[in-house]
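Peer 1: Below is the structure I would like to discuss, written out as structure tokens.
The values are calculated or read from the model by the stated rules, or taken from the named source; none is laboratory data. Predicted model, so just to flag it, every value in this text is computed and none were measured. Cβ atoms come from the backbone with ideal geometry, glycine included; neighbour counts cover every protein chain shown. What goes into the accessible areas is simple: the full protein's heavy atoms, side chains included, and nothing from ligands, DNA or RNA. Shrake-Rupley method; radii C 1.70, N 1.55, O 1.52, S 1.80 Å.
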Amino acid sequence: MNDAPWPKTYSGLRDRLQEGLAGFAPGQGRIARMVLTDPEGTAMRTLAENARAADVHESSLVRFAKGLGLEGYPALIRLCREYVSGQAHLVQRFDAALKDAGAKSDTPDVNVLAKATQLEQRNIAETFGRIDPADWELAVTLLAEAPSVYVMGLRKCRAVAELLSYLLHMVRNRVQHVDPPAAGLVDYLREFNAGDVFVAISIRRYTRATVNAAHEAHRRGLKIIALTDNPASPLAKNADVVFYVDSDSPYVLRSLTAFISLAQSLAGATSLKLGAQSRSQLLVDEELLESFAVYTEAWPEEV
């Protein structure tokens, strides 16, 4: 692990752990997943508490940090704390915005609907707040310029994938929503070509078909854009661009609000990137919609 330059930021640490995740020994893998999925907890717990959380001996954490090229375990914790500090600034800005709007996020008797409203706003604020402008520009360029775009998300993420593919198809040609029936995934995979873009959408528990399709797309030379929940996601390792999306909810079901907002923003930014080409596409769509009388403003005729 220690042949590469030591990571100087949590982002560099995250990349190093993602690269090595598949090859780590079981104990190392548990440590890596702990750091990737819970940097806040890792930063705040003691050495002994982190060892218990990862089910390893304390000395294993020390060796793991040194194996990454770091000076020792404190350096690993320092990177996690720097990340947590950056996230805290996002939360503080969000809370300030709520206060300015007259919201009371710390009111003890907040009902579930009010709590849901606050969490949905925070999901969007934190998701968009952590996006690197260079990553955003790369993703939009890929979506605008790729010969073909494939979008896949199953089960809970199917709605996000369907929306993103629909919106992208409105502003450019050759967009395919990958929604395979049982044993039908190979019918999509054989159409993948190098230079195309594959958008993979999944959150824990990650659907096997989406992960396998993203792996095959990477193997075939497609560019991968991943919308997922955390750096330990199997979609993150081979992705050219990863957007980490918050899905906190007061309910049993996790929220898709930030995913939907991100999908809409990606499609909107792609339309702006395409400019006149996108406008021409929309004009053709409008002519076809009118010709086939897709929409109506009339009430149904009485029988």
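Peer 1: Return the FRET efficiency for the residue pair Glu191, Val252: r is the Cβ-Cβ distance, R0 is 51 Å, and the value is rounded to the nearest 0.05. Don't skip to the answer; put the middle values down first.
Peer 2: Values: r = 37 Å, r/R0 = 0.73.
For R0 = 51 Å, the calculated efficiency reads 0.85.
Peer 1: Using R₀ = 41 Å, calculate the FRET efficiency as 1/(1 + (r/R₀)^6) where r is the Cβ-Cβ separation of Lys115 and Glu297; round to 0.05.
Peer 2: Working: r = 39 Å, r/R0 = 0.94.
Calculated value: 0.60.
Peer 1: Further question on the same structure: Rounded to whole Å, give me the distance from the Cα center of the stretch 1-78 to that of the stretch 146-164.
Peer 2: Each part's Cα centre sits 33 Å from the other's.
Peer 1: Among the listed pairs Lys115/Lys273; Lys8/Lys66; Lys8/Lys237; Lys8/Lys273, which are separated by more than 25 Å between their Cα atoms?
Peer 2: Lys115/Lys273; Lys8/Lys273
Peer 1: Taking a probe of 1.4 angstrom, what is the accessible area of Val160 in Å², to the nearest 10?
Peer 2: The value for Val160 is about 0 Å².
Peer 1: What are the chymotrypsin sites (Phe, Trp or Tyr not before Pro) within the stretch 1-65 that DSSP puts in a loop, where the Cβ has at most 13 other Cβ atoms within 10 Å?
Peer 2: Details: sites: Tyr10, Phe24, Phe64; in loops: Phe24.
Loop-located and lightly packed - none at all.
Peer 1: Can you give the net charge of the other residues whose Cβ lies under 9 Å from the Cβ of Tyr83, counting K and R as +1 and D and E as -1? Mind dumping the intermediate values first?
Peer 2: On the way: positive: Arg14, Arg81; negative: Glu40, Glu82.
Summing Lys and Arg as +1 and Asp and Glu as -1 gives 0.
Peer 1: Using a 7 Å offset from the Cα along the Cα-to-Cβ direction at both Trp136 and Ala22, what is the distance between the two label points in nm, to one decimal?
Peer 2: With each label placed 7 Å out from Cα toward Cβ, I get 3.2 nm.
Peer 1: Let me ask something else. So for Thr42, Thr117, Thr296, what's the accessible-area order with a 1.4 Å probe, most first? Intermediate values should be presented prior to the final figure.
Peer 2: Numbers: Thr42 0, Thr117 70, Thr296 110 Å².
Descending order: Thr296, Thr117, Thr42.
Peer 1: Ranked by accessible surface with a 1.4 Å probe, highest first, in what order do Glu286, Glu49 come? Working shown, then result.
Peer 2: Numbers: Glu286 110, Glu49 70 Å².
Ranked from most to least accessible, the order is Glu286, Glu49.
Peer 1: Please give the length that would be gained between Val62 and Glu40 if that part of the chain were fully extended, namely 0.36 nm times their separation in residues minus their C-alpha to C-alpha distance (nm, one decimal).
Peer 2: On the way: separation 22, 0.36 × 22 = 7.92 nm, distance 1.86 nm.
Contour length minus the Cα-Cα distance gives 6.1 nm.
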